[in-house]
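The values are calculated or read from the model by the stated rules, or taken from the named source; none is laboratory data. Quantities reported herein were computed from a predicted structural model and do not represent experimental measurements. Methodologically, a virtual Cβ is constructed for each residue, glycine included, from the backbone with ideal geometry; neighbour enumeration extends over all protein chains shown. Side chains are part of the model used for accessible areas, which takes the heavy atoms of the whole protein and leaves out ligands, DNA and RNA. Shrake-Rupley method; radii C 1.70, N 1.55, O 1.52, S 1.80 Å.
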Amino acid sequence: MTQTFDALVVNNQESHYSVKVQKLTLSDLQDGEVLIRVHYSSVNYKDCLACIPNGNIVSTFPFIPGIDLAGVVVSSEDNRYQPGDEVIATSYDIGVSHFGGYSEYARIRAEWVVPLPQGLTLKEAMIIGTAGFTAALSVQRLEDNHVSPEQGKVLVTGATGGVGSFAVSILSKLGYEVEASTGKEAEHEFLKQIGATTVVSREEVYDGKIRALGKQKWAAAVDPVGGEPLASLLSHIHYGGSVAVSGLTAGTKLPTMVFPFILRGVNLLGIDSVYCPMETRLTLWNRLATDYKPENIEALVQQEVTLAQLTDALPTLLKGQGRGRILVKLV
Ligand SMILES: NC(=O)c1ccc[n+]([C@@H]2O[C@H](COP(=O)([O-])OP(=O)(O)OC[C@H]3O[C@@H](n4cnc5c(N)ncnc54)[C@H](OP(=O)(O)O)[C@@H]3O)[C@@H](O)[C@H]2O)c1
């Protein structure tokens, strides 16, 4: 067994915030039944916040961030998992109050672990990660609410982001006409390549005015952006349509009116990946390995980085410069 290993450690001592790769031993890890040799992790918006002062994600230091990890079981005190098993661990306290995936080894509670489904590699599982899982949960919730391809265009906001790019790819694979909204003019071709039928600017979704009701443009929407753009798009959803909201990149306040709900029967569906029940989680990971798996999943990788390169890559999402997913390779 390796004596020491590398991990990205966030510390906050005497108001001095530091983020650096350190040598640790297994005894530095927190409790958990399953010890995993991490092969891949990824970068999510929450991870970027975990690595900055006042990000309001981490409250105890020193800490290892990384809300996603996939790897191979080294040892397990839970008989559901055996050495050599390939597994995924995302959500719950991982990377928030329990040491996460930016580490060559992770000790994780057995009830947070998901067996790697057939049809996915460890690398592909982390190209998906929490962002892709959230997109899948959003699509499934729309379908549970009777959205189907023949009803018309589905809008995806923040389309070049992690959640957005996966939503575009999954919806397109399922046969939907996808309208992708982006603030990045240079990425229109990328969005078409991953499955968008049409690409519009952010202003097409929100032009600075929130109307009681507007022209019915979209049968449904996947919205990781929130805030005023969400209030605006709600007034353009078809009668009986649905919107799956997962994020807050444009803000936490939702200055909407009741009219889309009481005059058009629009459904606003809240998406939470963190405490998504395990039964749903297993079903969705299996779908991500089969019918939800993007045709060209590698096209969704913006960058692959090592632990040592991670500190340079982390600010990308906070600057709004993400395009798909940033993968972290630990083997
Ligand atoms: N509920 C959950 O369980 C859950 C899970 C995962 C993520 N989230 C949340 O979902 C959000 C997106 O996560 P992500 O991983 O996709 O992040 P991301 O990769 O950084 O993508 C966010 C995208 O939003 C767009 N955007 C950024 N600032 C904006 C602004 N001011 N107004 C409008 N659009 C803006 C940009 O896309 P364009 O340039 O293409 O417009 C950006 O790429 C975050 O708030 C995250 O915390 C929630």
Once amide H atoms are placed 1.01 Å from N in the peptide plane, what residues at a sequence separation of 5 or more from GLN303, or on another chain, have their amide H within under 5 Å of its amide H?
ARG325, LEU327
For the range 17-157, with +1 on Lys and Arg beta carbons and -1 on Asp and Glu, the positive-most of LEU137, PHE99, GLY55 along the dipole:
GLY55
To the nearest Å, what is the center-to-center distance of the range 151-224 and the range 118-146, using C-alpha atoms only?
17
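Among LEU263, LEU282, LEU171, what's the order by accessible area (1.4 angstrom probe), most exposed first?
Solvent-accessible surface, decreasing: LEU263, LEU282, LEU171.
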Shape category assigned to the range 289-331 from the gyration tensor of Cα positions, a/c cut at 1.5:
oblate
Sparse-neighbourhood loop sites, GluC sites (Glu not before Pro) in the range 283-331 - DSSP loop, at most 16 other Cβ within 10 angstrom:
GLU295
By the gyration tensor of its Cα atoms, with a ≥ b ≥ c the square roots of the eigenvalues, what is the shape of the range 144-284: rounded for a/c under 1.5, prolate for a/b over b/c, or oblate?
rounded
Could you please state how large a percent of the accessible area of the range 115-250 is carbon and sulfur, counting protein chains only and using a 1.4 Å probe?
47
If I compute solvent accessible area with a 1.4 Å probe over the protein chains, what percent of it on the range 20-72 is carbon and sulfur?
50
Please list SER242, SER59 from largest to smallest accessible area, probe radius 1.4 Å, with all protein chains kept in place.
SER59, SER242
Which GluC sites (Glu not before Pro) does the range 73-152 hold that lie in a coil by DSSP with at most 15 other beta carbons within 10 Å?
GLU77
Treating cross-link reach as a plain straight distance, find the aspartates and glutamates whose alpha-carbon is under 19 Å from the alpha-carbon of LYS20, omitting any fewer than eight places away in the same chain.
ASP6, ASP28, ASP47, ASP68, GLU104, GLU304, ASP312
Efficiency of FRET from Cβ geometry, THR121 and SER97, R₀ 30 Å, rounded to 0.05:
0.55
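May I ask what percent, to the nearest 5, of DSSP beta bridges between residues of the chain are antiparallel?
The antiparallel proportion sits near 60 percent.
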Given the whole protein assembly as supplied and a 1.4 Å probe, what does the accessible area of ILE67 come to in Å², nearest 10?
10
Paramagnetic reach from THR280 (point 7 Å along Cα→Cβ, amide N under 20 Å) across the range 167-193:
167-168, 170-171
Rounded, prolate or oblate: which fits the chain, taking a ≥ b ≥ c as square roots of the Cα gyration tensor eigenvalues, rounded meaning a/c under 1.5, else prolate when a/b beats b/c?
prolate
Karplus-derived HN-Hα couplings along the range 124-135 (A = 6.51, B = -1.76, C = 1.60, θ = phi - 60°), whole Hz, x at Gly and Pro:
4, 4, 8, 5, 5, x, 4, 4, x, 4, 5, 4
Degrees between helix 278-288 axis and first principal axis of the chain (Cα, 0 to 90, nearest 10)
80
Using the heavy atoms of the protein chains alone and a 1.4 angstrom probe, what is the accessible area of the range 175-296 per residue in square angstrom?
48
Could you state the accessible area per residue of the range 1-138 in Å², with a 1.4 Å probe and every protein chain left in place?
40
What is the distance in Å between the Cα centroid of the range 31-105 and that of the range 226-264?
33
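Taking the Cα centre of the range 238-331 as origin and charging only Cβ (+1 Lys, Arg; -1 Asp, Glu), how large is the dipole, in debye to the nearest 20?
240
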Kindly count the pairs of lysines across the range 115-194 whose alpha carbons are less than 21 Å apart, treating pairs on different chains or eight or more residues apart as eligible.
6
Accessible surface of TYR45 in the full protein assembly, 1.4 angstrom probe, to the nearest 10 Å²?
90
